[in-house]
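One structure is given here, and the rest of the page talks about it.
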Amino acid sequence: MLRRSLGSIVSLASRKYSGKSFSSNMAQIINGNEIAKEIRGQLKQELKDLVDSGNPVPHLTAVIVGEDPASEKYVQNKMNACLEVGISSETKRLPASTTQEELLQLIAELNKDQRVTGVLVQLPVPEHINERTICNAVDVDKDVDGFNELNIGRLALDMDGIVPATPLGVKRLLEHQNIETHGRNAVVVGRSKNVSLPMAILLHADGKYATKALDATVTICHRYTPPKELARHCRQADIIVVAVGKPGLITKDMVKPGACVIDVGINRIKDEKTGKFKLVGDVDFEEVRQVAGHITPVPGGVGPMTVAMLLHNTLKTAKKQFCDRQAS
Ligand code: GUN
(Lines give C-alpha, C1' and ligand atoms only; values in the text may rest on other atoms or scores of the structure.)
Protein backbone atom coordinates (compact mmCIF):
# COMPACT_ATOMS: atom_id res chain seq x y z
CA MET A 1 0.00 0.00 0.00
CA LEU A 2 2.75 2.40 1.08
CA ARG A 3 4.86 1.44 -1.92
CA ARG A 4 1.95 2.22 -4.17
CA SER A 5 1.38 5.65 -2.57
CA LEU A 6 5.04 6.58 -2.86
CA GLY A 7 5.02 5.35 -6.42
CA SER A 8 2.06 7.59 -7.20
CA ILE A 9 3.78 10.61 -5.68
CA VAL A 10 6.95 9.98 -7.72
CA SER A 11 4.86 9.37 -10.80
CA LEU A 12 2.87 12.57 -10.29
CA ALA A 13 6.04 14.56 -9.72
CA SER A 14 7.66 13.30 -12.88
CA ARG A 15 4.49 13.96 -14.84
CA LYS A 16 4.51 17.54 -13.64
CA TYR A 17 8.14 18.42 -14.05
CA SER A 18 9.42 16.38 -16.96
CA GLY A 19 7.71 16.50 -20.30
CA LYS A 20 9.64 13.42 -21.45
CA SER A 21 8.80 11.10 -18.62
CA PHE A 22 5.25 10.16 -19.62
CA SER A 23 6.09 7.16 -21.73
CA SER A 24 7.79 5.46 -18.77
CA ASN A 25 4.77 5.97 -16.48
CA MET A 26 1.92 3.53 -16.74
CA ALA A 27 -1.57 4.70 -15.82
CA GLN A 28 -3.01 3.80 -12.45
CA ILE A 29 -5.60 1.10 -13.08
CA ILE A 30 -8.89 1.90 -11.35
CA ASN A 31 -10.07 -1.28 -9.67
CA GLY A 32 -13.86 -1.18 -10.00
CA ASN A 33 -14.21 -4.60 -8.39
CA GLU A 34 -12.54 -3.40 -5.19
CA ILE A 35 -14.42 -0.10 -5.01
CA ALA A 36 -17.77 -1.78 -5.73
CA LYS A 37 -17.07 -4.36 -3.00
CA GLU A 38 -16.44 -1.58 -0.52
CA ILE A 39 -19.73 0.10 -1.54
CA ARG A 40 -21.67 -3.19 -1.26
CA GLY A 41 -20.31 -3.54 2.29
CA GLN A 42 -21.61 -0.06 3.16
CA LEU A 43 -25.00 -0.81 1.57
CA LYS A 44 -25.28 -4.06 3.52
CA GLN A 45 -24.89 -2.10 6.76
CA GLU A 46 -27.37 0.56 5.55
CA LEU A 47 -29.92 -2.13 4.77
CA LYS A 48 -29.42 -3.75 8.17
CA ASP A 49 -30.02 -0.41 9.90
CA LEU A 50 -33.17 0.13 7.81
CA VAL A 51 -34.62 -3.27 8.67
CA ASP A 52 -33.48 -3.08 12.33
CA SER A 53 -35.46 0.12 12.68
CA GLY A 54 -38.66 -1.73 11.79
CA ASN A 55 -38.92 -1.38 8.00
CA PRO A 56 -39.65 -4.24 5.59
CA VAL A 57 -36.84 -5.76 3.52
CA PRO A 58 -36.65 -3.90 0.17
CA HIS A 59 -37.62 -6.06 -2.80
CA LEU A 60 -36.40 -5.71 -6.40
CA THR A 61 -38.26 -7.36 -9.28
CA ALA A 62 -36.40 -7.65 -12.59
CA VAL A 63 -38.25 -8.47 -15.81
CA ILE A 64 -36.57 -10.11 -18.80
CA VAL A 65 -38.47 -10.33 -22.08
CA GLY A 66 -37.01 -12.84 -24.55
CA GLU A 67 -33.91 -14.97 -24.34
CA ASP A 68 -30.87 -12.78 -24.72
CA PRO A 69 -27.93 -14.58 -22.98
CA ALA A 70 -26.22 -11.25 -22.17
CA SER A 71 -29.40 -9.98 -20.44
CA GLU A 72 -29.64 -13.23 -18.47
CA LYS A 73 -26.05 -12.80 -17.30
CA TYR A 74 -26.46 -9.13 -16.36
CA VAL A 75 -29.66 -9.81 -14.41
CA GLN A 76 -28.05 -12.79 -12.67
CA ASN A 77 -25.20 -10.50 -11.55
CA LYS A 78 -27.74 -8.00 -10.21
CA MET A 79 -29.68 -10.68 -8.34
CA ASN A 80 -26.48 -12.12 -6.82
CA ALA A 81 -25.49 -8.67 -5.63
CA CYS A 82 -28.96 -8.19 -4.06
CA LEU A 83 -28.53 -11.46 -2.21
CA GLU A 84 -25.10 -10.44 -0.92
CA VAL A 85 -26.39 -7.13 0.45
CA GLY A 86 -29.63 -8.61 1.81
CA ILE A 87 -32.13 -7.14 -0.66
CA SER A 88 -34.92 -9.55 -1.55
CA SER A 89 -35.23 -10.05 -5.33
CA GLU A 90 -36.87 -12.08 -8.06
CA THR A 91 -36.69 -12.31 -11.85
CA LYS A 92 -39.79 -12.59 -14.00
CA ARG A 93 -39.13 -14.10 -17.42
CA LEU A 94 -41.51 -13.48 -20.30
CA PRO A 95 -41.31 -14.99 -23.80
CA ALA A 96 -40.09 -12.87 -26.73
CA SER A 97 -43.64 -13.05 -28.14
CA THR A 98 -45.02 -11.04 -25.17
CA THR A 99 -47.03 -8.05 -26.43
CA GLN A 100 -46.41 -4.51 -25.23
CA GLU A 101 -49.85 -4.57 -23.59
CA GLU A 102 -48.97 -7.72 -21.64
CA LEU A 103 -45.69 -6.20 -20.46
CA LEU A 104 -47.45 -2.98 -19.47
CA GLN A 105 -50.00 -5.05 -17.53
CA LEU A 106 -47.22 -6.79 -15.57
CA ILE A 107 -45.51 -3.45 -14.83
CA ALA A 108 -48.85 -2.02 -13.60
CA GLU A 109 -49.22 -4.99 -11.22
CA LEU A 110 -45.67 -4.54 -9.92
CA ASN A 111 -46.26 -0.79 -9.50
CA LYS A 112 -49.32 -1.57 -7.35
CA ASP A 113 -47.69 -4.34 -5.27
CA GLN A 114 -46.64 -2.80 -1.91
CA ARG A 115 -44.13 -5.60 -1.31
CA VAL A 116 -42.19 -4.66 -4.46
CA THR A 117 -40.09 -1.52 -3.85
CA GLY A 118 -38.00 -1.61 -7.04
CA VAL A 119 -38.80 -2.58 -10.64
CA LEU A 120 -36.48 -2.91 -13.61
CA VAL A 121 -37.12 -4.14 -17.12
CA GLN A 122 -33.87 -5.39 -18.58
CA LEU A 123 -33.04 -3.74 -21.92
CA PRO A 124 -33.09 -4.30 -24.79
CA VAL A 125 -36.71 -5.38 -25.12
CA PRO A 126 -37.86 -7.10 -28.35
CA GLU A 127 -38.27 -4.74 -31.32
CA HIS A 128 -42.08 -4.80 -31.30
CA ILE A 129 -42.05 -3.21 -27.84
CA ASN A 130 -41.38 0.51 -27.44
CA GLU A 131 -38.55 0.93 -24.94
CA ARG A 132 -39.51 4.48 -23.97
CA THR A 133 -43.14 3.49 -23.30
CA ILE A 134 -41.89 0.72 -21.02
CA CYS A 135 -39.37 2.90 -19.15
CA ASN A 136 -42.06 5.54 -18.56
CA ALA A 137 -44.54 2.91 -17.32
CA VAL A 138 -42.36 1.97 -14.33
CA ASP A 139 -43.56 3.98 -11.31
CA VAL A 140 -41.11 6.86 -10.87
CA ASP A 141 -40.73 5.94 -7.18
CA LYS A 142 -39.83 2.31 -8.02
CA ASP A 143 -37.64 3.20 -11.02
CA VAL A 144 -34.29 1.82 -9.80
CA ASP A 145 -32.80 2.26 -13.31
CA GLY A 146 -33.58 5.99 -13.37
CA PHE A 147 -34.82 5.61 -16.96
CA ASN A 148 -38.32 7.05 -16.42
CA GLU A 149 -38.63 10.45 -18.14
CA LEU A 150 -39.36 12.10 -14.77
CA ASN A 151 -36.10 10.85 -13.29
CA ILE A 152 -34.13 11.90 -16.38
CA GLY A 153 -35.89 15.29 -16.20
CA ARG A 154 -35.04 15.69 -12.53
CA LEU A 155 -31.39 14.94 -13.26
CA ALA A 156 -31.36 17.46 -16.11
CA LEU A 157 -32.82 20.10 -13.76
CA ASP A 158 -30.35 19.41 -10.89
CA MET A 159 -33.14 17.92 -8.77
CA ASP A 160 -32.94 14.95 -6.43
CA GLY A 161 -34.11 11.72 -8.10
CA ILE A 162 -32.84 8.37 -9.25
CA VAL A 163 -29.75 8.63 -11.45
CA PRO A 164 -28.98 5.83 -13.95
CA ALA A 165 -26.56 3.36 -12.40
CA THR A 166 -23.73 3.40 -14.95
CA PRO A 167 -23.09 7.17 -15.02
CA LEU A 168 -23.59 7.31 -11.25
CA GLY A 169 -20.98 4.54 -10.95
CA VAL A 170 -18.54 6.49 -13.14
CA LYS A 171 -19.05 9.57 -10.96
CA ARG A 172 -18.30 7.51 -7.85
CA LEU A 173 -15.13 6.13 -9.47
CA LEU A 174 -13.89 9.64 -10.32
CA GLU A 175 -14.62 10.80 -6.77
CA HIS A 176 -13.01 7.74 -5.21
CA GLN A 177 -9.82 8.35 -7.20
CA ASN A 178 -9.87 12.10 -6.41
CA ILE A 179 -9.89 12.96 -10.12
CA GLU A 180 -10.27 16.74 -10.41
CA THR A 181 -13.26 17.61 -12.61
CA HIS A 182 -14.14 21.19 -11.61
CA GLY A 183 -13.39 23.39 -14.63
CA ARG A 184 -11.64 20.54 -16.46
CA ASN A 185 -12.34 19.36 -19.99
CA ALA A 186 -14.32 16.14 -20.32
CA VAL A 187 -15.32 14.28 -23.47
CA VAL A 188 -18.19 11.82 -23.54
CA VAL A 189 -18.00 9.54 -26.57
CA GLY A 190 -21.49 8.22 -27.38
CA ARG A 191 -24.95 9.74 -27.06
CA SER A 192 -27.17 6.97 -25.69
CA LYS A 193 -30.06 8.20 -23.58
CA ASN A 194 -29.42 5.76 -20.73
CA VAL A 195 -25.66 6.18 -20.30
CA SER A 196 -23.99 8.99 -22.28
CA LEU A 197 -26.69 11.64 -21.84
CA PRO A 198 -26.96 11.30 -18.03
CA MET A 199 -23.14 11.02 -17.93
CA ALA A 200 -22.76 14.33 -19.77
CA ILE A 201 -25.31 15.93 -17.42
CA LEU A 202 -23.49 14.67 -14.32
CA LEU A 203 -20.14 15.84 -15.67
CA HIS A 204 -21.16 19.37 -16.65
CA ALA A 205 -23.83 20.37 -14.11
CA ASP A 206 -23.35 22.46 -10.99
CA GLY A 207 -21.93 20.70 -7.95
CA LYS A 208 -23.82 23.05 -5.64
CA TYR A 209 -27.19 21.42 -6.32
CA ALA A 210 -28.86 18.15 -5.32
CA THR A 211 -27.17 15.95 -7.92
CA LYS A 212 -23.72 17.10 -6.68
CA ALA A 213 -22.51 17.17 -10.26
CA LEU A 214 -18.93 17.64 -11.40
CA ASP A 215 -18.62 21.15 -12.92
CA ALA A 216 -16.59 20.06 -15.96
CA THR A 217 -16.65 21.53 -19.47
CA VAL A 218 -18.20 18.77 -21.56
CA THR A 219 -18.00 17.84 -25.23
CA ILE A 220 -20.20 15.06 -26.58
CA CYS A 221 -18.89 13.13 -29.59
CA HIS A 222 -20.94 10.58 -31.54
CA ARG A 223 -21.19 8.60 -34.76
CA TYR A 224 -21.28 11.75 -36.89
CA THR A 225 -18.22 13.31 -35.27
CA PRO A 226 -15.51 12.90 -37.96
CA PRO A 227 -12.64 10.66 -36.71
CA LYS A 228 -10.15 13.55 -36.91
CA GLU A 229 -12.45 15.74 -34.81
CA LEU A 230 -13.01 12.92 -32.31
CA ALA A 231 -9.23 12.61 -31.91
CA ARG A 232 -8.85 16.38 -31.57
CA HIS A 233 -11.56 16.65 -28.90
CA CYS A 234 -10.20 13.65 -26.99
CA ARG A 235 -6.66 15.06 -26.99
CA GLN A 236 -7.96 18.17 -25.20
CA ALA A 237 -9.71 16.13 -22.54
CA ASP A 238 -8.66 15.66 -18.93
CA ILE A 239 -11.38 13.02 -18.63
CA ILE A 240 -12.64 10.74 -21.41
CA VAL A 241 -15.72 8.57 -20.90
CA VAL A 242 -16.39 6.25 -23.81
CA ALA A 243 -19.58 4.22 -24.19
CA VAL A 244 -20.17 3.19 -27.79
CA GLY A 245 -19.41 -0.53 -28.20
CA LYS A 246 -16.49 -0.25 -30.65
CA PRO A 247 -13.38 -2.19 -29.57
CA GLY A 248 -10.15 -0.18 -29.95
CA LEU A 249 -11.90 3.12 -30.76
CA ILE A 250 -9.77 5.16 -28.35
CA THR A 251 -6.10 4.86 -29.18
CA LYS A 252 -2.94 6.16 -27.52
CA ASP A 253 -2.53 9.09 -29.93
CA MET A 254 -5.99 10.39 -28.92
CA VAL A 255 -5.21 10.69 -25.21
CA LYS A 256 -3.56 13.60 -23.45
CA PRO A 257 -0.75 12.45 -21.15
CA GLY A 258 -2.08 12.04 -17.63
CA ALA A 259 -5.78 12.03 -18.65
CA CYS A 260 -8.32 9.82 -16.91
CA VAL A 261 -9.88 7.32 -19.32
CA ILE A 262 -13.13 5.62 -18.31
CA ASP A 263 -14.20 2.73 -20.53
CA VAL A 264 -17.91 1.87 -20.38
CA GLY A 265 -17.81 -0.34 -23.49
CA ILE A 266 -18.37 -4.09 -23.18
CA ASN A 267 -17.57 -6.03 -26.35
CA ARG A 268 -17.25 -9.78 -26.75
CA ILE A 269 -14.52 -10.54 -29.27
CA LYS A 270 -12.49 -13.54 -30.35
CA ASP A 271 -8.92 -13.52 -29.02
CA GLU A 272 -6.66 -14.04 -32.06
CA LYS A 273 -4.02 -15.84 -29.97
CA THR A 274 -6.20 -18.30 -28.05
CA GLY A 275 -9.25 -18.52 -30.34
CA LYS A 276 -11.42 -18.00 -27.24
CA PHE A 277 -13.97 -15.23 -26.70
CA LYS A 278 -13.09 -12.44 -24.28
CA LEU A 279 -14.55 -9.13 -23.09
CA VAL A 280 -12.90 -5.87 -24.10
CA GLY A 281 -13.95 -2.24 -23.86
CA ASP A 282 -13.84 0.61 -26.39
CA VAL A 283 -10.30 1.64 -25.40
CA ASP A 284 -7.07 0.09 -26.65
CA PHE A 285 -6.15 -0.68 -23.04
CA GLU A 286 -2.55 -1.86 -23.47
CA GLU A 287 -1.63 1.20 -25.56
CA VAL A 288 -3.62 3.85 -23.73
CA ARG A 289 -2.39 2.81 -20.29
CA GLN A 290 1.09 3.90 -21.42
CA VAL A 291 -0.03 7.51 -21.64
CA ALA A 292 -3.12 7.96 -19.42
CA GLY A 293 -2.92 8.92 -15.75
CA HIS A 294 -5.84 6.66 -14.75
CA ILE A 295 -7.69 4.01 -16.71
CA THR A 296 -10.52 1.54 -16.06
CA PRO A 297 -10.08 -2.06 -17.24
CA VAL A 298 -12.75 -4.16 -18.94
CA PRO A 299 -13.88 -6.30 -17.23
CA GLY A 300 -13.46 -5.08 -13.65
CA GLY A 301 -13.86 -1.33 -14.10
CA VAL A 302 -17.25 0.29 -14.64
CA GLY A 303 -19.29 -2.96 -14.77
CA PRO A 304 -19.22 -3.80 -11.04
CA MET A 305 -19.91 -0.14 -10.23
CA THR A 306 -23.11 -0.26 -12.31
CA VAL A 307 -24.35 -3.16 -10.19
CA ALA A 308 -23.34 -1.44 -6.93
CA MET A 309 -25.18 1.72 -7.96
CA LEU A 310 -28.28 -0.30 -8.86
CA LEU A 311 -28.26 -1.55 -5.27
CA HIS A 312 -27.77 2.03 -4.05
CA ASN A 313 -30.79 3.10 -6.12
CA THR A 314 -32.83 0.14 -4.82
CA LEU A 315 -32.16 1.18 -1.22
CA LYS A 316 -32.88 4.82 -2.01
CA THR A 317 -36.26 4.07 -3.64
CA ALA A 318 -37.25 1.73 -0.79
CA LYS A 319 -36.35 4.31 1.87
CA LYS A 320 -38.45 6.97 0.12
CA GLN A 321 -41.45 4.63 -0.13
CA PHE A 322 -41.23 3.64 3.56
CA CYS A 323 -40.96 7.30 4.51
CA ASP A 324 -43.93 8.28 2.29
CA ARG A 325 -46.02 5.44 3.77
CA GLN A 326 -45.30 6.60 7.32
CA ALA A 327 -46.26 10.16 6.40
CA SER A 328 -49.61 9.17 4.86
N1 GUN B 1 -29.33 -3.21 -20.33
C2 GUN B 1 -28.02 -2.81 -20.31
N3 GUN B 1 -27.76 -2.05 -19.23
C4 GUN B 1 -28.93 -1.95 -18.55
C5 GUN B 1 -29.30 -1.30 -17.34
O6 GUN B 1 -28.51 -0.64 -16.66
N7 GUN B 1 -30.61 -1.45 -16.97
C8 GUN B 1 -31.51 -2.16 -17.70
N9 GUN B 1 -32.77 -2.21 -17.27
N10 GUN B 1 -31.18 -2.77 -18.83
C11 GUN B 1 -29.90 -2.67 -19.24
In region 80-102, anything away from the ligand (no atom under 13 Å from the Cβ) and in a helix (DSSP H, G or I) is listed as N80, C82, L83, E84, V85, Q100, E101, E102
Those residues of region 256-272 that are outside any loop (DSSP other than H, G, I, E, B) and open to solvent by 30 Å² or more (accessible area, probe 1.4 Å) come to a total of 3
Per the filter on region 51-79, residues among the charged types (D, E, K, R) and outside any loop (DSSP other than H, G, I, E, B) are D52, E72, K73, K78
Per the filter on region 37-69, residues touching a residue at least 60 places away in the same chain (Cβ under 8 Å) and of a type in the set (A, V, I, L, M, F, W, C) are I39, L43, L47, L50, L60, A62, V65
Expected single match for part of a helix (DSSP H, G or I), open to solvent by less than 60 Å² (accessible area, probe 1.4 Å) and not acidic (D, E) among A186, A213, A200 is A200
When R115 is run through (1) away from the ligand (no atom under 13 Å from the Cβ); (2) under 23 Å from the mean Cα position of the chain (by Cα); (3) free of Cβ contacts under 8 Å to residues at least 60 places away in the same chain; (4) within 17 Å of T317 (Cβ to Cβ), the failure sits at (2)
| query | Right, D253: acidic (D, E) and either open to solvent by 80 Å² or more (accessible area, probe 1.4 Å) or closer than 30 Å to Y74 by Cα (or both) or not? | reply | yes
Listed by first then second residue, the pairs whose first member lies in region 303-316 and is closer than 17 Å to V264 by Cβ, whose partner is hydroxyl-bearing (S, T, Y) and crowded, with 24+ Cβ neighbours inside 10 Å, with beta carbons under 7 Å and at least 6 positions apart or on separate chains, are T306/T166
The correct count of residues that are surrounded by 24 or more Cβ atoms within 10 Å (Cβ to Cβ) and either out of contact with any helix residue (DSSP H, G or I) (no Cβ under 7 Å at 6 or more places or on another chain) or in a loop (DSSP other than H, G, I, E, B) (or both) in region 294-313 is 2
Flagged in region 111-151 as open to solvent by 30 Å² or more (accessible area, probe 1.4 Å), in a loop (DSSP other than H, G, I, E, B) and among the charged types (D, E, K, R), in numbering order, are D113, R115, E127, D139, D141
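Among the listed residues C234, C221, identify the single one that is farther than 23 Å from A27 by Cα, in contact with a strand residue (DSSP E or B) (Cβ under 7 Å, 6 or more places away or on another chain) and open to solvent by less than 10 Å² (accessible area, probe 1.4 Å).
From the options C234, C221, the qualifying one is C221.
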Worksheet item: Does region 73-92 include one or more residues that are under 30 Å from L50 (Cα atoms), touching a residue at least 60 places away in the same chain (Cβ under 8 Å), surrounded by fewer than 17 Cβ atoms within 10 Å (Cβ to Cβ) and out of contact with any Leu (no Cβ under 7 Å at 6 or more places or on another chain)?
Response: yes
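The values are calculated or read from the model by the stated rules, or taken from the named source; none is laboratory data. Keep in mind the model is a prediction, meaning the values are calculated, not measured. Here Cβ is always computed from backbone atoms with ideal geometry, including for glycine, and neighbour counts include all displayed protein chains. Accessible surface areas use protein heavy atoms only, side chains included; no ligands, DNA or RNA. Shrake-Rupley method; radii C 1.70, N 1.55, O 1.52, S 1.80 Å.
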